[in-house]
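The values are calculated or read from the model by the stated rules, or taken from the named source; none is laboratory data. On a predicted model such as this, the values are computed, not experimentally measured, just so you know. So basically every Cβ, Gly included, is an ideal-geometry build from the backbone, and we count neighbours across all protein chains shown.
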């Protein structure tokens, strides 16, 4: 019992419950204008009143985020591998990748709709554009940090390049690649929310824009919480996969 | 032959080559496939437009740069200070870190409307947005760096009578510098992009405002030239940081 209490007191959950209580109490005591800080209960009520739309938007944005992330992760891993084994490619193309990250992708929202149509693909591409870079950088860094002594050892046993890649380089790079994935998943969510601002009918980004234009502050909070829940969910899922996949060393 | 090899070995040549290839592909595609200007304008037209419209672009750039740099500095300083504080008071870390992670799970763009309500349409809301986006990266990265030193080294300093603050200043901060600099680098393009996103949702001035208005008027050349200016500005900003980093490697 004592140990249980101790663990409870140290758990992050307590911090959340504490904050929620303080929040609710402060709003009732000081009664600030709902424009600045609505009560948690008001937000929950509002969320309950629009839950079918909220659920639909959540699913749609989740789909865009996951697709964009997978595309970006695949492309990033491929490019990172290419850059590792071709110094020429690294020196000529990698700087362009860096430059591409300074381009404010939001500015191209309207253009992306012109290019890819007002479809799922347009949002996936926005998410993809934000995700591929961190994965590329971390894959490159991970593959390059492979211990040269181990390479020499495997080579002395006559391993060919393919075996060395899959048995040595990839496992030793995985923790670093996972770091890239974790950065990318958050960016992917940003990409799909922003992508929805430019002509779409379902999604959390759409709800955000609608709430802003209609000046519904409470609805803004609802959407923010929904985005936060999705972000935390995806991040948690990735951490779980990481623990399973890179059980021998996890850089947390 | 030797001269040729030297040319290839210099870091600039491959980059230039790939830029030239990119430009040729860009312009060639427009000529070959007769791509209409609203889908992809020629680079010449964009640069020409940027030069004829310098006054408006520069005014917008100055507003955006002011917000981005203000938020960048504010966020970096606050993030670092908070990291030191959390390090010194472990109880605080247990309470604040879960909350900080939860706040970070919400994509920055979802906060933007709320910040506009809280801080108004002027520069303050963008500075706050940028500071939040940059500050969190700094907090996580700096905290990670500050925890790097060996417990043995900390114990040694403590046995010689050094206080907690002294240990932070003499041992932990120098060790954490690479992490801090990494966070500073990540923050540069992010600060520009977040400032522009904030301006697109509502502002009186700035590149984001310009992009939003031009998109509404389907003046896509103005969008492209604003994007060009924004990218160039963040590249200069980034280059400056790398240069400072290389000059001030006193911690290595």
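Computed quantities for the displayed model
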{"read-out": "Total residues in the range B:41-65, condition in a helix (DSSP H, G or I), over 16 Å from residue B:232 (Cβ atoms) and without any contact (Cβ under 8 Å) to a residue 60 or more places away in the chain", "value": "3"}
{"read-out": "When residues of the range A:193-204 are limited to those that are within 18 Å of residue A:131 (Cβ to Cβ) and more than 9 Å from chain B (Cβ to nearest Cβ), the one surrounded by the most Cβ atoms within 10 Å (Cβ to Cβ)", "value": "A:195"}
{"read-out": "Members of the range B:186-200 found to be at the interface with another protein chain (Cβ under 7 Å from one of its Cβ atoms), within 17 Å of residue A:208 (Cα to Cα) and in contact (Cβ under 8 Å) with a residue 40 or more places away in the chain, listed by number", "value": "B:197"}
{"read-out": "Matching residues, the range A:99-120, being assigned to a helix (DSSP H, G or I), facing chain B (nearest Cβ under 8 Å) and surrounded by 16 or more Cβ atoms within 10 Å (Cβ to Cβ)", "value": "A:99, A:105, A:106, A:107, A:108, A:109, A:110, A:111, A:114"}
{"read-out": "Neighbours by Cβ (under 8 Å, 6+ apart or cross-chain): first from the range B:1-30, more than 10 Å from chain A (Cβ to nearest Cβ) and within 17 Å of residue A:88 (Cα to Cα); second assigned to a helix (DSSP H, G or I) and modelled with pLDDT of 60 or more", "value": "B:7/B:13"}
{"read-out": "Number of positions in the range B:218-236 that are within 10 Å of chain A (Cβ to nearest Cβ), outside any loop (DSSP other than H, G, I, E, B) and touching a residue at least 60 places away in the same chain (Cβ under 8 Å)", "value": "6"}
{"read-out": "Verdict on residue A:134 being over 20 Å from residue A:206 (Cβ atoms), assigned to a helix (DSSP H, G or I) and without any contact (Cβ under 8 Å) to a residue 12 or more places away in the chain", "value": "no"}
{"read-out": "Among residues of the range B:97-116, those that are at pLDDT 85 or above and more than 21 Å from the chain's Cα centre (by Cα), counted", "value": "1"}
{"read-out": "Single unsatisfied condition, residue B:124 versus (1) in contact with a helix residue (DSSP H, G or I) (Cβ under 8 Å, 6 or more places away or on another chain); (2) in a helix (DSSP H, G or I)", "value": "(1)"}
{"read-out": "Of all residues in the range A:219-234 being touching a residue at least 60 places away in the same chain (Cβ under 8 Å) and farther than 21 Å from residue A:67 by Cβ, the one that is surrounded by the fewest Cβ atoms within 10 Å (Cβ to Cβ)", "value": "A:225"}
{"read-out": "All positions within the range B:66-94 that are surrounded by fewer than 20 Cβ atoms within 10 Å (Cβ to Cβ), touching a residue at least 24 places away in the same chain (Cβ under 8 Å) and more than 18 Å from residue B:141 (Cβ to Cβ)", "value": "B:66, B:69, B:70"}
{"read-out": "Meets criteria (touching a residue at least 24 places away in the same chain (Cβ under 8 Å) and at negative phi) for residue A:107", "value": "no"}
{"read-out": "So residue B:233, is it under 17 Å from the mean Cα position of the chain (by Cα) and surrounded by fewer than 24 Cβ atoms within 10 Å (Cβ to Cβ)", "value": "yes"}
{"read-out": "Subset of the range B:120-135 [touching a residue at least 12 places away in the same chain (Cβ under 8 Å) and either over 21 Å from the mean Cα position of the chain (by Cα) or surrounded by fewer than 20 Cβ atoms within 10 Å (Cβ to Cβ) (or both)]", "value": "B:121, B:122"}
{"read-out": "Residue pairs meeting the criteria (Cβ under 9 Å; at least 6 apart or on separate chains; first closer than 16 Å to residue B:140 by Cα, in the range B:95-119; second part of a loop (DSSP other than H, G, I, E, B))", "value": "B:98/A:11"}
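Results for (1) away from every other protein chain (no Cβ under 11 Å); (2) in contact (Cβ under 8 Å) with a residue 24 or more places away in the chain; (3) loosely packed, with under 15 Cβ neighbours inside 10 Å; (4) within 20 Å of the chain's Cα centre (by Cα), shown as yes or no for each residue.
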{"residue": "B:171", "(1), (2), (3), (4)": "yes, no, no, no"}
{"residue": "B:179", "(1), (2), (3), (4)": "yes, yes, no, yes"}
{"residue": "B:216", "(1), (2), (3), (4)": "no, no, yes, no"}
{"residue": "B:244", "(1), (2), (3), (4)": "yes, no, yes, yes"}
